[in-house]
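Q: If you scroll down you'll find the structure; I have some questions about it.
The values are calculated or read from the model by the stated rules, or taken from the named source; none is laboratory data. In this text the structure is predicted, and so the values were computed from the model without any measurement. In this analysis, Cβ positions are derived from the backbone assuming ideal geometry, glycine residues included, and neighbour counts consider all displayed protein chains. Calculation scope for accessible area: heavy atoms of the full protein, side chains included, ligands and nucleic acids excluded. Shrake-Rupley method; radii C 1.70, N 1.55, O 1.52, S 1.80 Å.
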Amino acid sequence: MDAVSIPSPLREARQLRRVPDACAVVIFGATGDLTNRKLMPALNTLSRLGMLPEECAVIGFARRPMTDEQFRAEVAQAVRGATSGAVDAAAWDRFAERLHYVQADFREPSGYDRLRQTLERLDREHGTAGNRLYYLATAPELYGEIVQRLGAHGLVTRPAPGSEGGPPWTRVIVEKPIGRDLASAQDLNRALLSVFRESQIFRIDHYLGKETVQNILVFRFANGIFEPIWNQHYVDHVQITVAESIGVEGRAGYYETAGVVRDIIQSHMMQLLTLMAMESPVAIDPDAVRSEKVKVLRAARRIARTEVARHVVFGQYGPGAIDGQRVPGYRAEPRVAPGSRTPTFVAMRLYIDNWRWAGVPFYLRTGKRLPKRVTEVAVQFKRAPLPLFGDSAAGEPNLLALNIQPDEAISLRFVAKAPGTTMTLRPVDMGFRFGAAFGTEEMSAYERLLLDCLLGDSTLFTRRDEVEEAWDLVEPILSWWEPSTPPQPIPIYAAGTWGPEAAGSLVAGDNPVESSRLVVLPDLAQAAASAGERLARRCALAVAGRGECAIALAGGDTPRALYARLASEPLRSRIPWRQVRVFWGDERGVPPQDPRSNFRIAQEALLSRVPIPDHRIHRMPAERADAESAAEVYAALLREHLPAAADGWPQFDLVLLGL
Ligand SMILES: NC(=O)c1ccc[n+]([C@@H]2O[C@H](COP(=O)([O-])OP(=O)(O)OC[C@H]3O[C@@H](n4cnc5c(N)ncnc54)[C@H](OP(=O)(O)O)[C@@H]3O)[C@@H](O)[C@H]2O)c1
């Protein structure tokens, strides 16, 4: 089959049963974990389902000495381990005949000569027609060298510029991570492109092989009713969560050098973000889809170093319990440094500066040892403009949840009237489950992506500019967190919880939409309690982010009620007073001991009752006769102690204007 004429997988129904060209698949790292757990079971399934061509051979390439027979026995064990029921013996026998092994160190040139001889033999014996798919399933440090040697040994057919290539064709699948920062990703891309053309390179992110991830595109662009409201006019915010209940398992060696931002944010979460936020592509083809995804990444606002603390919360799991079982903290895991600062959790707020999304926060949250395994994208819509049925209904915005794992499902939350004589409103969910609706067994992500690559369709693989833009976006966050002199200790969260408290505040109490909301409470006591709770959350967030919290206090009677709350338990103990700095938003022109002084009110009701150090209390020198110069002195003080925003103005974490 000619690769150019192959229909796109997203446009065509799978029943069309496309079967790829004859080819040889070479797996670099054939004895590794990925090969055993994912690649071989996926290839065996494709073979069993008749989705591999008859003329197909699979060559394992690794350094352990093994005969073809020993290799087949090892793969048989891997396939058995990955199959829940009994392995189809006849199908396995057919697959086993395709398996071959070449032993060499990837750095040893003679290994590539042996590989070429094996491939030429298999072209004759299996009719693999000179088509090659190389799968780099080994340590990323080796990718550059393997690719160079493939080129040098004449193992790559490079198509003419502008041509799709083949037959015979050569393709390469590159596993993540693609680099560990922008510069190393660019280096790797340059190395790949010195041997292959971009159309031959398939950078795999297995998230894109999941049905529900692909369904984000179908949901958005095959239905007419969602796109009109998929924008800043109707969407309040978007939350993307990738939660794992497992810890670092056996991957500490890798994880200690990677951390959660490289492991999940730069790859999987960027894919979810771009699919959620992209414009409609002009066609469902690889370049049209990927060009729209890249535009989202370009429009995503880079977080300045000075702003990272306000938009990002890091955490690391401590000891705790998952499903009732005690589990150790990250630092007690094998091969983790005792004082490790590697983050296992991150929550962040991103903005996409384009017309569709201006001002809409996207909250990304991912972590290990969270209470359950779940991947979900939730779109929260704006509230009804008028609370016709009272506050209870106004408090429940519509929520569209796209569940990606463990259940693949879509649900929409709306408000309904509960049965009865009173107008009592309740949120209800309208749901759709993929398994129940279609009743068919889904393809695994690796089955799907291997098949697409064999068919030459790169729609679900990441393009060079996509990877590099994603690195460009996360790099300021990494470079803020990973300097040689750490800015702060890492917040520890108990395993089995949803991460540091500050992460919850990032969404709940701290987003601009929430803070611009009018909250009506029945009396001053409840208003003070609610404001105290918000202040404590805001404080925890700021301290977790940049090590301290700057608050501007107010005077008058209503703040006095709040101050009394803050000075009493439980809020008094929850607020990290030693890291708080207080200023005043306004002051009366009187000495500090005057009963009308805003400073005196705060001092008596709050500051003298909590352990805030004196040097962190910055009162206005309002008793001075020359108010202008007093204001200048205070302005200089603010500039000295407060972080500056992008426009240079000093920024408070919280300004109290009364209640
Ligand atoms: N495992 C996963 O679930 C997973 C998921 C996503 C991405 N990935 C990525 O996939 C890649 C492979 O991961 P993995 O977990 O499978 O790694 P792994 O278990 O360490 O396997 C590495 C493989 O490479 C071979 N190898 C290493 N150095 C070699 C050399 N100098 N010459 C010849 N062979 C050499 C090893 O052969 P020997 O047996 O001779 O050592 C082994 O077959 C990595 O880039 C990883 O980041 C893995």
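Q: Given the DSSP H assignment, sum -39500 (n - 2.57) over each helix run of at least 4 residues in the chain and divide by its residue total; what's the result at 222 nm in deg cm²/dmol, nearest 500?
A: Calculated at 222 nm, the ellipticity per residue is -10500 deg cm²/dmol.
Q: Please find the FRET efficiency linking ARG158 to VAL590, where r is the Cβ-Cβ separation and R0 is fixed at 60 Å, and quote it to the nearest 0.05.
A: So the FRET efficiency works out to roughly 0.15.
Q: Mind scanning LYS295/LYS368; LYS176/LYS293; LYS293/LYS368 and naming the pairs with a C-alpha gap bigger than 21 Å?
A: With Cα atoms farther than 21 Å apart: LYS295/LYS368; LYS293/LYS368.
Q: Sort LYS176, LYS293 by accessible area with a 1.4 Å probe, largest first.
A: So, going from the largest accessible area down, we get LYS176, LYS293.
Q: Can you tell me the dipole magnitude for the stretch 252-311 around its Cα centre, using point charges on the Cβ only (Lys, Arg +1; Asp, Glu -1), in Debye to the nearest 20?
A: For this selection, approximately 320 debye.
Q: Here's something else I'd like to know. No solvent, one uniform scatterer per C-alpha: report log10 I(q)/I(0) for the stretch 141-282 via the Debye equation at q = 0.13 1/Å, two decimals.
A: -0.81
Q: Go through GLU55, GLU125, GLU408 and list them by solvent-accessible area, largest first, probe radius 1.4 Å.
A: From most accessible down to least: GLU125, GLU55, GLU408.
Q: Still on this structure: So, with +1 on the Cβ of K and R and -1 on the Cβ of D and E, and no other charges, what is the size of the charge dipole of the chain about its Cα centre, to the nearest 20 debye?
A: Dipole about the Cα centre, nearest 20: 1000 debye.
Q: Tell me the carbon and sulfur percent of the accessible area for the stretch 519-655, rounded to whole percent, probe radius 1.4 Å.
A: For the stretch 519-655, the apolar C and S fraction of the accessible surface comes to 53 percent.
Q: Okay, moving on. Can you tell me what share of the DSSP beta bridges in the chain is antiparallel? A percent to the nearest 5 is fine.
A: Around 50 percent antiparallel, to the nearest 5.
Q: While we're looking at this one, here's another question. Give the accessible area for LEU637 in Å² (nearest 10); use a 1.4 Å probe, count only protein heavy atoms, and leave out ligands, DNA and RNA.
A: 40
Q: Still on this structure, I have one more. Mind checking the full-extension length gain between GLU249 and HIS615? Use 0.36 nm per residue of separation minus the Cα-Cα distance, one decimal, nm.
A: 127.2 nm
Q: Take the Cβ-Cβ distance between ALA304 and ASN223 as r, set R0 to 51 Å, and report the resulting FRET efficiency rounded to the nearest 0.05.
A: Step by step, r from the Cβ atoms, then E = 0.85.
Q: Please list the equivalent ellipsoid semi-axes of the stretch 353-469, computed as the square roots of five times the alpha-carbon gyration tensor eigenvalues, in descending order and whole angstrom.
A: Computed over the stretch 353-469, the values are 37, 21, 14 Å.
Q: Rounded to two decimals, what ratio of Rg to Rh does the stretch 240-362 give with C-alpha atoms and a Kirkwood Rh?
A: Using only Cα positions, Rg/Rh for the stretch 240-362 is 1.06.
Q: With N residues in the stretch 3-203, what two-decimal value do you get for its Cα radius of gyration over 2.2 N^0.38 Å?
A: 1.01
Q: Turning to a different aspect of this structure: Starting from the 7 Å offset along Cα-to-Cβ, what nm value, one decimal, do you get for the label separation of GLU533 and ALA384?
A: 2.3
Q: Next question. If the chain between ALA283 and GLN325 were fully stretched, how many nm would it gain, using 0.36 nm times the residue separation less the Cα-Cα distance?
A: That works out to 10.2 nm of additional length.
Q: Can you compute the charge dipole magnitude of the stretch 519-655 about its Cα centre, using +1 on each Lys and Arg Cβ and -1 on each Asp and Glu Cβ, nothing else charged? Give it in debye, rounded to the nearest 20.
A: Magnitude of the dipole: close to 560 debye.
Q: If the cut-off is 24 Å between C-alpha atoms, which lysines fall inside it for LYS372, apart from same-chain ones fewer than 8 positions away?
A: Qualifying lysines at Cα under 24 Å: LYS38, LYS210.
Q: Could you tell me which of PRO476, PHE652, ALA567 has its Cα farthest along the dipole of the chain towards the positive end, charges placed at Cβ (Lys, Arg +1; Asp, Glu -1), taken about the Cα centre?
A: The listed residue farthest towards the positive side: ALA567.
Q: Now for a separate question. So for the chain, taking the charge dipole from beta-carbon charges (+1 Lys/Arg, -1 Asp/Glu), which of PHE61, PRO338, VAL87 sits furthest toward the positive end?
A: It is PRO338.
Q: For the chain, what does the accessible surface come to per residue with a 1.4 Å probe? Please give it in Å².
A: In whole numbers, the chain has 44 Å² accessible per residue.
Q: Still on this structure, I have one more. Percent of accessible area on the stretch 3-203 owned by carbon and sulfur, 1.4 Å probe?
A: 49
Q: Please state the shape class of the stretch 181-263: rounded when a/c is under 1.5, otherwise prolate if a/b exceeds b/c and oblate if not, all from the C-alpha gyration tensor.
A: oblate
Q: If contacts are Cα pairs under 8 angstrom and at least 6 residues apart, what is the relative contact order of the stretch 3-203 in percent?
A: Relative contact order here is 23 percent.
Q: At a 1.4 Å probe radius, which order do ARG301, ARG600, ARG220, ARG609 fall into by accessible area, largest first?
A: So the residues, ranked largest to smallest area, are ARG609, ARG301, ARG600, ARG220.
Q: If you don't mind, there's one more thing I want to ask. Stretched out fully, how many nm does the piece from ALA418 to HIS233 gain, at 0.36 nm a residue minus the Cα gap?
A: Full extension of this stretch gives 63.7 nm more.
Q: Starting from the coordinates of the alpha-carbon atoms of the stretch 72-188, obtain the Kirkwood hydrodynamic radius over all distinct pairs and give the value in Å to one decimal.
A: In the stretch 72-188 this quantity evaluates to 16.7 Å.
Q: For the chain, what relative contact order do you get, as a whole percent, if you take Cα pairs closer than 8 Å and at least 6 residues apart?
A: Value for the chain: 13 percent.
Q: Taking the chain, how much of its Cα-Cα pair set, in percent, is spaced more than 41 angstrom apart?
A: 38
Q: Shifting gears a bit: In terms of the Cα gyration tensor, with a ≥ b ≥ c the square roots of its eigenvalues, is the stretch 519-655 rounded because a/c is under 1.5, prolate because a/b exceeds b/c, or oblate?
A: Oblate, since a/c reaches 1.5 and b/c is not below a/b.
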